[in-house]
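The next block holds one structure in the form of structure tokens; read it before the comments.
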Amino acid sequence: MSVISPVTSDVSSLNSEPAGKVRPRGILHSIGSWSAYVVLLLAAVSALIMIVAPMATGSQTYTVLTNSMAPKYAPGTFLVVKPTEFSSLRVGDVITFQIESGKPGVISHRITSVGSTQTGERVFTTKGDNNSLEDAATVQEVQIKGKLLYAVPYVGFAAHAVGEQRGKLLPIIAVGFISLGALSMVRGAVEKKRGKHEKDND
């Protein structure tokens, strides 16, 4: 007579997972959470660069549309230009100035030399980094909008599209960041409580 031992199941072994093994759901959840944080961080940095910092420094923003200052300031580069004392500008500074005094069109070029008119007025000769010749007309104080404070590549076209709405968008963005921060805190607390509950039930 053969002896057949009864088949038994170890309930604990069926319901538990090896130590150190991460559930697939947990991995996907972690990836999703980190992705959300990365997107939030990028949005915060973009808002700081494109809206908050220019407003805080009293600067104006422009978008490079031509290749005259390439490759360093290629088309699409976002420029933040701060009003600067005319007397403090020097050779090598990148300035934004009106192409014609009193006209809205502006250009951003580098100062290559400092001169004066017959009446003793201080003027600048400018040139695009990518141009072979200096600009034909000198630049007077009244034409200058400011000196380049910083530049960010690629994001200029997006900023240009937003345009004058940046001031109106700032409060909305601030409220959005506060809401997202609060939501993240609540979500983290809920997930922590859920994880503790699942651990107690294992």
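The values are calculated or read from the model by the stated rules, or taken from the named source; none is laboratory data. Only a predicted model underlies this, so the values are computations on that prediction, with no experimental measurement involved. Reconstructed Cβ throughout: ideal geometry from the backbone, glycine too, with neighbour counts over all protein chains shown.
Could you pull out the residue among R122, R110, R90 that is in contact with a strand residue (DSSP E or B) (Cβ under 6 Å, 6 or more places away or on another chain) and over 24 Å from M50 (Cα atoms)? Write out each step before concluding.
Numbers: R110 fails: over 24 Å from M50 (Cα atoms); R90 fails: in contact with a strand residue (DSSP E or B) (Cβ under 6 Å, 6 or more places away or on another chain).
Residue meeting the stated conditions: R122.
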Taking the range 142-160 only, how many residues are at pLDDT 95 or above and exposed (fewer than 15 other Cβ atoms within 10 Å of the Cβ)?
2
Regarding T77, is this residue farther than 26 Å from Y154 by Cα and among the hydroxyl-bearing types (S, T, Y)?
no
Name every residue in the range 86-137 that is free of Cβ contacts under 8 Å to residues at least 24 places away in the same chain and under 18 Å from A74 (Cβ atoms), in order of residue number.
K127, S132
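Taking the range 38-56 as the search range and keeping residues that are β-branched (V, I, T) and exposed (fewer than 13 other Cβ atoms within 10 Å of the Cβ), which one is modelled with the highest pLDDT? Give the derivation first.
Looking only at the range 38-56, we keep the residues that are β-branched (V, I, T), and these are 38-39, 45, 49, 51-52.
Narrowing further to those that are exposed (fewer than 13 other Cβ atoms within 10 Å of the Cβ): 38-39, 45.
Numbers: V38: 72, V39: 68, V45: 76.
The extreme case among them is V45.
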